[in-house]
Amino acid sequence: MGHRVVILGGGFAGLSAARTLKGRDLEVTLIDRRNFHLFQPLLYQVATGALSPGEIASPLRYVLNSRRNTKVLLGEVIDIDVIRREVLLKDESRIPYDTLVVATGATHHYFGHPEWAMLAPGLKTIEDATEIRTRILLAFERAEKEPDPDERRAN
């Protein structure tokens, strides 16, 4: 059995790590709770309706299919047992590792003001983008139906 590398996260950092390890005598396992890589820089275009979600997401298995030493697992990590060198998944499976790469990404931050989330939603996921797009479209619908010109401009 070769050296086992487990990569947590299929974002830019996780994919970069997996690509770097291509062709080496390693057993690489990439684990993500989603089965696709999301090109986050274009989320704003999904939010504004210029692109559909499928145009900025690629299946992880497809992205890494030329890496014979790499497999992709769909799973949610709930714990890391550093003593036994295992990653524990929500489905109770355990993935052993010799080297662990944690590349789980980031989330938006409201600087101690969680109430801002209602007015300023984050834009890190496809769900965030489609929620913003819904808000934009509904604002246009409200404006379209508003008979008062001053109110219409405010909407």
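Just so it is clear, none of the values below were taken in a lab; they were calculated from the coordinates. Just so you know, these numbers come straight off a predicted model, no measurement behind them. Because the Cβ atoms are built from the backbone with ideal geometry, glycine has one as well, and the counts that use them run over all protein chains shown.
Here Val72 passes the criteria (1) in contact with a Lys or Arg (Cβ under 6 Å, 6 or more places away or on another chain); (2) assigned to a helix (DSSP H, G or I); (3) among the hydrophobic types (A, V, I, L, M, F, W, C) except the one numbered (2).
Can you tell me which residue within region 102-131, out of those that are of a type in the set (Gly, Ala, Ser) and under 21 Å from Ile78 (Cβ atoms), is farthest from the chain's Cα centre (by Cα)? Only one residue tops the list, namely Ala103. You will find that of Leu42, Leu30, the residue that is free of Cβ contacts under 8 Å to residues at least 40 places away in the same chain, of a type outside the set (Lys, Arg) and in contact with a helix residue (DSSP H, G or I) (Cβ under 6 Å, 6 or more places away or on another chain) is Leu42 and no other. Residues considered: Val82, Val102, Val63. Of these, the only one that is loosely packed, with under 12 Cβ neighbours inside 10 Å, under 22 Å from Val5 (Cβ atoms) and of a type in the set (Val, Ile, Thr) is Val82.
Which residue is nearest to Glu131 (Cα to Cα), if the candidates are limited to region 46-60 and must be surrounded by 15 or more Cβ atoms within 10 Å (Cβ to Cβ) and of a type outside the set (Ser, Thr, Tyr)?
It comes out as Ala47.
Of all residues in region 118-155, those being of a type in the set (A, V, I, L, M), under 14 Å from Tyr44 (Cα atoms) and assigned to a loop (DSSP other than H, G, I, E, B) number 2. Of the numbered criteria (1) among the basic types (Lys, Arg); (2) out of contact with any Pro (no Cβ under 9 Å at 6 or more places or on another chain); (3) over 30 Å from Ala139 (Cβ atoms), the one Arg34 fails is (3). Considering (1) surrounded by fewer than 17 Cβ atoms within 10 Å (Cβ to Cβ); (2) more than 19 Å from the chain's Cα centre (by Cα), the lone condition that Glu27 does not fulfil carries the number (1).
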